[in-house]
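Below: one structure, written as structure tokens.
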Amino acid sequence: MASTSVEPRDNLTQVEAEARASRVNGCDYELRIDLARGATGYRGEAVLRFSDTGSGDLFLDFRGKTISRLEVNGSAGEPRWDGFRLWLPGDRLSGENTVRVVYENDYDHEGDGFHQFTDPEDGEEYLYSNFEPYESHRLFPQFDQPDIKGTYRLTVAAPAEWEVVANSRALSIQSQADGRKLHTFEPTKRFSTYLFALVVGPYHVAREKHGDIDIGLFCRKSLAKHLDTAELFEVTRQGLDFYADFFDFPYPFGKYDQVFVPEFNAGAMENVGCVTHNEYMVFRDPPTENQRRGRAEVILHEMAHMWFGDLVTMKWWNDLWLNESFATYMSYLCMDEATRFKTGWQDFASSIKNWAYRQDQLVTTHPIAGQVADTDQTFLNFDGITYGKGASVLKQLVKTLGIEGFRAGMRYHFKTHAYGNATLAQFIASLEAGSGADLQRWSQLWLETPSLNTLGTRWEADGDRITRFTVTQTAPEDYPTLRPHKVDIGLVRDTGDRLDVTVIPATVDGPEADIIEARGLARPSLVFPNYGDHGYTKVALDPDSLSFLKANMERVDDALLRLQLWTSLWSMVRDQQLKAPEYLELVRTKISGETSPELVEAVLNNATAAISRYVPEVSKTREAHAVASVAYEALKGEASTDLKIIWTRTLIANAVTPEDLALVGRLADGEETIPGVAIDQDMRWAIAAKHVAYALPGAQARVDAEVARDGSDRGMRAKLRCETSVPDISLKADAWTRFNGEGYGSLYLTGAAMSGFNWSEQAELLDPYVERFFEAIPGIYRTKDKEFASDYFRSLFPGYRVEREILAQSEAVLARFGDELPTLARTLKEANDDLLRAIRCREFAAK
């Protein structure tokens, strides 16, 4: 095959996409995929029909193995293809075009593209696709950009006993002479290529019909016993009804399948009519209500995309936030209004917003609606700003407009742009049409500027009555934008036997806002200027409020307010305003009596993170033991089943002393029992890994016992983690060679092995690999796929050493390779920012 003069690269720039979309505004695809059991790849044939209003050569995106035939308007020719771009000669194109490509490709094993997995429990083979943002061209040649939407007529030949699931309903399934079956699907409605889906294999199936919508649930046969179909169907039905009513637009894609797939890189993917979910949502161990609520949120998030993202799609990836922020906000709204999960806004505050707050304070902060030059940058923007900040700002917008104005705007948006693409400007115009508000200034300040504000209060009282009350707004020096905030102020007053809360609505649009409504009210004991969590802002507690909070946290009846107050304390730790050991003392004295599982889990997770990163090294073991002791005592108390699970996980996570490691080992072995406490398989593996890493006697026998107990893919991954956790020079060397060479099979398996390599307790043994990591990482980002590079960095970066020496080495790599490797540059900047914050927190705590 001849090659093009264009340098091979699997990346698309916005400039290239805009130029191509000016010529091609849609494409009709006719596809045939041929699959055989046990093969390393597959054969395909794609026929593309499209209009072309331009001139000159035109390229298709295609990352494949071989092309055996290319026809352009009936004329065959030698492909001009570099492995990523297939060029169509301009002199063979016309106004109306038909292009036929016959090709072969290998399966993928890194979770993107067309992924192949073999179940270790029963040897069954499973295939699924995952394409966002720019991977659909791994399956077939196409125009892989969101604003060249297509229709798809799909035919798949597959082994007779395999299920074949795609974006539309099957029209027919016919037996073939070779023993396979030919599945022919209905032509689809128009949607973007990254939303195409193909899932194939001997999946277990459960089906229901909801009105005229066919609903399907699929998982591997070995997981079928864990698939709780009743709750999954219930949440699905509730979501479909809520969204159709809220948007005043029926579900647009006919059928709605959800498939739980193995070795999935993300949490889920909103493929049209065929959502793929990570298998962690099939609970192999008894789940907490928090886990069930989290799964409901993911189900409803992906479902919201059927309208916002699939029905109406962004033109380019700079508006990715519109998809993700909208789906995140709507999933929590739906969960609260249409399902049994009524504590979702607490989870939103503790997880979604905290994710956003952290991301927005990194050196790499960016506007919600920022510039995305190419698809590589898109990969990095699946972050806390795109999801968390955007959703939080939408919640603030709803507080500003009112829910009716927001709903009317969304209804207008879907009716106006159905099956097309829309920009930020068009989204804002729809909200303005629905609400009657002018949102241009709001959009500019909230969506087009980075970072966040801090709200505080300053007030005076004459005796027992407020005489003056001011809300203050500040911004970081580097990002001085002040924004309009519509919030509620909570004035908490201690009456002796209880705490009363008075709520005052307020608008803050500048450095200060005088709150006249507060004058004459009773003197408060605690003031919180974001009551109800409608604002996206940090809160600076005044000294009196902070003092009262430390002594009376457990007396605050409002669970959401308690969670927000704990969040403010956590922010103070991260900002070096409260020492980590002082925060941990508050956790130990206040949290054991807490009954809200959402709050307990959030606070204990932060406490564990504080011990790992923000406590001086000399104090880590003592602080971990103290938290483990509190967890152990809590387990022996009258906690709910969910709280016992959360406390058990906390005990295991903080078991670092010989005493605590022996304790969790006895619990796993049944030598010690606590009423209501069961050590599930995930916990058993966590205990085994710790025993191995700390070189405890009998550690390998413990691993062998767990291998015998758990022969699943989870067990295979956990075994690999244990193997690389062993503090042995030769085993570490062998593992390092495999990480940088052939790996362990799939990306999931290699990632599991990498996850056991670094332990802070093994710092001396691991010292040679600090330099080796910084030597290797530029080559990893230069030669490996993005998902592998991301996993490699996340697992092997020596961040467990909170030292300025490590920071200096990392900064040196950034200075040398940052311009050449922008994806690595951003990852290094964020890691360095986190590391510097941890160093400063430790130094502050040591004063």
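Specify which of the listed residues (GLY77, GLY111, GLY95, GLY54) is over 22 Å from PRO159 (Cβ atoms), touching a Pro at 6+ places or on another chain (Cβ under 9 Å) and small (Gly, Ala, Ser). Show your work before the answer.
Values: GLY111 fails: touching a Pro at 6+ places or on another chain (Cβ under 9 Å); GLY95 fails: touching a Pro at 6+ places or on another chain (Cβ under 9 Å); GLY54 fails: touching a Pro at 6+ places or on another chain (Cβ under 9 Å).
The match here is GLY77.
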Exercise for review: Could you list all residues from region 226-239 that are open to solvent by 40 Å² or more (accessible area, probe 1.4 Å) and touching a His at 6+ places or on another chain (Cβ under 9 Å)?
Suggested key: ARG237
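Results for (1) among the charged types (D, E, K, R); (2) open to solvent by 40 Å² or more (accessible area, probe 1.4 Å), shown as yes or no for each residue.
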{"position": "LEU48", "(1), (2)": "no, no"}
{"position": "THR53", "(1), (2)": "no, yes"}
{"position": "ASP82", "(1), (2)": "yes, no"}
{"position": "ASP91", "(1), (2)": "yes, yes"}
**Study point:** Criterion: in contact with a Pro (Cβ under 8 Å, 6 or more places away or on another chain) and part of a loop (DSSP other than H, G, I, E, B) - qualifying residue of VAL656, VAL615, VAL677
**Key:** VAL615
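Residues GLY665, GLY637, GLY670: which one is surrounded by fewer than 20 Cβ atoms within 10 Å (Cβ to Cβ) and in contact (Cβ under 8 Å) with a residue 12 or more places away in the chain? Break it down stepwise before answering.
Values: GLY665 fails: surrounded by fewer than 20 Cβ atoms within 10 Å (Cβ to Cβ); GLY670 fails: in contact (Cβ under 8 Å) with a residue 12 or more places away in the chain.
So the residue among GLY665, GLY637, GLY670 that is surrounded by fewer than 20 Cβ atoms within 10 Å (Cβ to Cβ) and in contact (Cβ under 8 Å) with a residue 12 or more places away in the chain is GLY637.
Tell me, please, whether a residue that is free of Cβ contacts under 8 Å to residues at least 12 places away in the same chain and either of a type outside the set (Phe, Trp, Tyr) or more than 29 Å from ARG37 (Cβ to Cβ) (or both) can be found in region 216-231.
Going through region 216-231, the residues free of Cβ contacts under 8 Å to residues at least 12 places away in the same chain turn out to be 225, 230.
Now narrow it down to the ones that are either of a type outside the set (Phe, Trp, Tyr) or more than 29 Å from ARG37 (Cβ to Cβ) (or both): 225, 230.
Yes.
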Check your understanding: Given the conditions (1) closer than 27 Å to ARG63 by Cβ; (2) out of contact with any Phe, Trp or Tyr (no Cβ under 7 Å at 6 or more places or on another chain); (3) charged (D, E, K, R), and given that ARG840 satisfies all but one, which numbered condition is not satisfied?
Key -> (1)
Review point. Within region 385-405, how many residues are surrounded by 20 or more Cβ atoms within 10 Å (Cβ to Cβ) and either among the acidic types (Asp, Glu) or out of contact with any His (no Cβ under 8 Å at 6 or more places or on another chain) (or both)?
Key: 11
**Study point:** Output for region 698-727, where each listed residue is farther than 23 Å from GLU263 by Cα and either in a helix (DSSP H, G or I) or of a type in the set (S, T, N, Q) (or both)
**Key:** ALA699, GLN700, ALA701, ARG702, ASP704, ALA705
Check your understanding: Between residues in region 92-113 that are in contact (Cβ under 8 Å) with a residue 40 or more places away in the chain and residues that are of a type in the set (A, V, I, L, M) and open to solvent by less than 30 Å² (accessible area, probe 1.4 Å), which pairs lie under 6 Å by C-beta distance while being six or more apart or on different chains?
Key -> VAL99/LEU48; VAL99/VAL72; ARG100/VAL47; VAL101/ALA46; VAL101/LEU70; TYR103/ILE67; GLU110/LEU747; GLY111/LEU747
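Quick one: would you say ALA356 is in contact with a strand residue (DSSP E or B) (Cβ under 9 Å, 6 or more places away or on another chain), of a type outside the set (Ser, Thr, Tyr), open to solvent by less than 10 Å² (accessible area, probe 1.4 Å) and in a helix (DSSP H, G or I)? Give the derivation first.
Values: in contact with a strand residue (DSSP E or B) (Cβ under 9 Å, 6 or more places away or on another chain): no; of a type outside the set (Ser, Thr, Tyr): yes; open to solvent by less than 10 Å² (accessible area, probe 1.4 Å): yes; in a helix (DSSP H, G or I): yes.
No.
Of all residues in region 790-807, which are hydrophobic (A, V, I, L, M, F, W, C) and within 19 Å of TYR614 (Cα to Cα)? Can you show your working first?
Filtering region 790-807 for residues hydrophobic (A, V, I, L, M, F, W, C) gives 793, 796-797, 802, 806-807.
Answer for region 790-807, where residues must be hydrophobic (A, V, I, L, M, F, W, C) and within 19 Å of TYR614 (Cα to Cα): PHE797, VAL802, ILE806, LEU807.
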Practice item. Please work out which residue is surrounded by the most Cβ atoms within 10 Å (Cβ to Cβ), limiting yourself to region 454-483 and to residues that are assigned to a strand (DSSP E or B) and among the small types (Gly, Ala, Ser). Key: GLY456
Exercise for review: List every residue pair whose Cβ atoms lie under 6 Å apart, where the two residues are 6 or more positions apart in sequence or sit on different chains, the first residue falls within region 599-611 and is part of a helix (DSSP H, G or I), and the second residue, located anywhere, is of a type in the set (Gly, Ala, Ser).
Suggested key: ALA602/SER350; THR608/ALA653; ALA610/ALA580; ILE611/ALA624
Study note, to complete from the structure: Just one listed residue, out of ALA408, ALA422, is in contact with a helix residue (DSSP H, G or I) (Cβ under 8 Å, 6 or more places away or on another chain) and open to solvent by less than 10 Å² (accessible area, probe 1.4 Å), and it is ALA422
Practice item. Just name the residue that is farthest from THR673 (Cα to Cα) out of those in region 618-644 that are outside any helix (DSSP H, G or I) and not small (Gly, Ala, Ser). Key: GLU638
Check your understanding: Is there any pair linking a residue in region 115-144 that is closer than 27 Å to ILE67 by Cβ and in contact (Cβ under 8 Å) with a residue 60 or more places away in the chain to one that is open to solvent by 30 Å² or more (accessible area, probe 1.4 Å) and among the aromatic types (Phe, Trp, Tyr), with Cβ under 7 Å and at least six apart or on different chains, and which?
Key -> PRO133/PHE379
Check your understanding: Can PHE253 be described as open to solvent by 10 Å² or more (accessible area, probe 1.4 Å) and touching a Gly at 6+ places or on another chain (Cβ under 7 Å)?
Key -> yes
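Yes/no matrix, rows are residues, columns are (1) at pLDDT 95 or above; (2) within 17 Å of LEU35 (Cβ to Cβ); (3) among the hydrophobic types (A, V, I, L, M, F, W, C):
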{"residue": "PHE114", "(1), (2), (3)": "yes, yes, yes"}
{"residue": "GLN142", "(1), (2), (3)": "yes, no, no"}
{"residue": "LEU171", "(1), (2), (3)": "yes, no, yes"}
{"residue": "GLN176", "(1), (2), (3)": "yes, yes, no"}
Study note, to complete from the structure: Residue count, region 498-537, condition in contact with a Phe, Trp or Tyr (Cβ under 7 Å, 6 or more places away or on another chain) and either in a loop (DSSP other than H, G, I, E, B) or open to solvent by 10 Å² or more (accessible area, probe 1.4 Å) (or both), comes to 5
Review point. Counting only residues that are in contact (Cβ under 8 Å) with a residue 12 or more places away in the chain and in a loop (DSSP other than H, G, I, E, B), which one in region 745-794 is most open to solvent (accessible area, probe 1.4 Å)?
Key: GLY745
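Could you list, in sequence order, the residues of region 795-812 that are in a helix (DSSP H, G or I), surrounded by fewer than 20 Cβ atoms within 10 Å (Cβ to Cβ) and either modelled with pLDDT under 95 or among the hydroxyl-bearing types (Ser, Thr, Tyr) (or both)?
Step one: of region 795-812, the residues in a helix (DSSP H, G or I) are 795-796, 804-812.
Then keep just the ones that are surrounded by fewer than 20 Cβ atoms within 10 Å (Cβ to Cβ); that gives 795, 804-805, 807-809, 811-812.
SER795 - this is the single residue of region 795-812 that is in a helix (DSSP H, G or I), surrounded by fewer than 20 Cβ atoms within 10 Å (Cβ to Cβ) and either modelled with pLDDT under 95 or among the hydroxyl-bearing types (Ser, Thr, Tyr) (or both).
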**Study point:** Sole residue being modelled with pLDDT of 95 or more, exposed (fewer than 15 other Cβ atoms within 10 Å of the Cβ) and farther than 28 Å from GLN809 by Cβ, chosen from GLY715, GLY711, GLY741
**Key:** GLY711
Practice item. Within region 333-347, count every residue that is open to solvent by 30 Å² or more (accessible area, probe 1.4 Å) and without any contact (Cβ under 8 Å) to a residue 60 or more places away in the chain. Key: 3
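So, in region 553-577, exactly how many residues are more than 28 Å from the chain's Cα centre (by Cα) and either under 22 Å from LEU499 (Cβ atoms) or crowded, with 22+ Cβ neighbours inside 10 Å (or both)? Before the answer, list the steps.
Restricting attention to region 553-577, the residues satisfying the condition of being more than 28 Å from the chain's Cα centre (by Cα) are 553-558, 577.
Filter again for either under 22 Å from LEU499 (Cβ atoms) or crowded, with 22+ Cβ neighbours inside 10 Å (or both), leaving 553-558.
Residues meeting the conditions: 6.
Does SER547 satisfy the criteria of being closer than 27 Å to GLY344 by Cβ and either touching a residue at least 40 places away in the same chain (Cβ under 8 Å) or surrounded by fewer than 16 Cβ atoms within 10 Å (Cβ to Cβ) (or both)? Please lay out each step first, then the result.
Details: closer than 27 Å to GLY344 by Cβ: no; either touching a residue at least 40 places away in the same chain (Cβ under 8 Å) or surrounded by fewer than 16 Cβ atoms within 10 Å (Cβ to Cβ) (or both): yes.
Spelling it out, it is not the case that SER547 is closer than 27 Å to GLY344 by Cβ and either touching a residue at least 40 places away in the same chain (Cβ under 8 Å) or surrounded by fewer than 16 Cβ atoms within 10 Å (Cβ to Cβ) (or both).
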Practice item. Could you grab me the full set of residues in region 364-395 that are in a helix (DSSP H, G or I) and within 23 Å of ASP791 (Cβ to Cβ)? Key: THR375, ASP376, GLN377, THR378, PHE379, LEU380, ILE385, THR386, TYR387, GLY388
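The values are calculated or read from the model by the stated rules, or taken from the named source; none is laboratory data. Predicted model only: the values in this text are computed from it and were never measured. Positions of Cβ are backbone-derived with ideal geometry, glycine not excepted, and every protein chain shown enters the neighbour counts. Accessible surface is based on the protein model in full, side chains and every heavy atom, while ligands, DNA and RNA are left aside. Shrake-Rupley method; radii C 1.70, N 1.55, O 1.52, S 1.80 Å.
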